[in-house]
Amino acid sequence: MRFAAKVVCMLILCVVGPTAVLGQTSREIRKTLPLAAGGAVSIDTFKGSVTVTAWDSPQVEIVAKIEPDGVSAIDAEKV
């Protein structure tokens, strides 16, 4: 009986282990664009958080980090 339990545990690790590693992938996008003195920035997001920091430069810098929702291979592929 113990041997069967060990085999089941090993099978679970073999299936769940790689998916957990795939689910940890992320992608970062960085862009810097010119912005006129009277310019405006509009941000639309489906979900997640947005942080806005002002600075004294005539440009806007965008840094977006995209991460999967879950830990499946399909979620990681969507990134």
Options Gly39, Gly48: the member that is over 21 Å from the mean Cα position of the chain (by Cα) and at pLDDT 65 or above: Gly39
Being of a type outside the set (D, E, K, R), modelled with pLDDT under 85 and part of a loop (DSSP other than H, G, I, E, B) is the filter here; which residues of region 56-79 pass it? Pro68, Gly70, Val71, Ser72, Val79
Being at pLDDT 85 or above and of a type in the set (A, V, I, L, M), is that true of even one residue in region 4-25? no
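The values are calculated or read from the model by the stated rules, or taken from the named source; none is laboratory data. The model shown is predicted, which means the values in this text are computed figures rather than measured ones.
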